Amino acid sequence: MFYIEKVNNKKILKTTALKGLNHCFTTRETVIKSSEAGMEELVKTNKVDLCNYFKITEEDLISPNQTHSTNISEAKEGIKIYANTDAIILTNKTQAVFLNFADCTPVIIFDPKNNIGAIAHAGWRGTAGKIVIKVIEKMANDYGSKPEELLSAIGPSIGKCCYPVGKEVYEQLKSTIKNSDNCFSTGSGEIFTDLKKINKKQLEFCGVKQIDVCNFCTSCNNELFFSYRKENGTTSRHSAVIKLY
């Protein structure tokens, strides 16, 4: 179940599903990624607040360079730069890692037995490329994670209500799942797409059983989250952040 908490009286989003993992989804109030004019001081202040919340230094708050790929990196102590990376796996207790979103789907995966966390950036390209499946396969192959023991949360992203795609994108997304019931609907000659539900089905295909799905649509709830589509290409992002205990 998702719920609102506050850091320095500003909203973050958390879920009870990720028990044992320190985490949050930031909001407009707690933004830590923006290149828009006038946002510099807010971003700076929020980074300090979040570092205090996660009990880390700013040097250990890590974010990769996202490119809508399906590339996966492991966070390493002392390393801050991760190029061309859209999923990151965290195995150390020193760093906190975050990825940034403004309509794309954030997916957090946690292995409580081995104390390993991961975040995936699943826009339509990442979803079509089965990025969450690749993360789970890597966690299983490299770290011994068992899918049935994993906990997962799919965070705020654009909903089917607000996300029409073309036929080519529809075909690519549909091919990633066996059963596309309720993942798509048509209206006004467009195909409306539920990226959260597709990613949930991909997680289930891997054997993940415990999945919490956030109901917030970033376009409908633009007062709380950033929306690339609704805001005509905003450079501000809300973030998914994890830190191991």
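No value in this document is a laboratory result; all are computed from the given coordinates. Values in this document were obtained by computation on a predicted structure and should not be read as measured data. Note: ideal-geometry Cβ built from the backbone for every residue, glycine included; neighbour counts use all protein chains shown.
Overview of values
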| item | result |
| --- | --- |
| Gained length - residue 188 relative to residue 11, 0.36 nm times residue gap less alpha-carbon distance | 60.1 nm |
| Trypsin sites (Lys or Arg not before Pro) restricted to DSSP loop in region 156-196 with at most 15 other C-beta within 10 Å | 178 |
| Mean residue ellipticity (222 nm) of the chain, computed from DSSP H runs ≥ 4 via -39,500 (n - 2.57), nearest 500 | -6500 deg cm²/dmol |
| Volume of the Cα convex hull of region 160-245, divided per residue and given in Å³ | 142 |
| Pairwise centroid distance, computed over Cα atoms, of region 91-110 with region 132-177, Å | 14 |
| Counting all C-alpha pairs of region 5-89, share separated by more than 20 Å (%) | 44 |
| Long-range tail of P(r) for region 2-244 (Cα pairs > 26 Å, %) | 33 |
| Among 60, 181, 86: highest mean-square fluctuation, GNM of the chain, C-alpha pairs under 10 Å | 181 |
| Pairs from 10/134; 19/174; 138/243; 80/178; 130/230 whose Cα-Cα separation, in the structure shown, is over 30 Å | 10/134; 19/174; 80/178 |
| Region 121-175: translational diffusion in µm²/s, Stokes-Einstein, Kirkwood Rh over Cα pairs, 25 °C, 0.890 mPa s | 188 |
| Whole-percent pair-distance distribution, where bins are 10 Å wide, for the alpha carbons of region 94-197 | 14, 43, 30, 11, 2, 0 |
| Kirkwood Rh in Å, taken over all unlike Cα pairs in region 35-76 | 12.4 |
| Size of region 13-55 as Cα extents on the principal axes (Å, biggest first) | 37, 19, 12 |
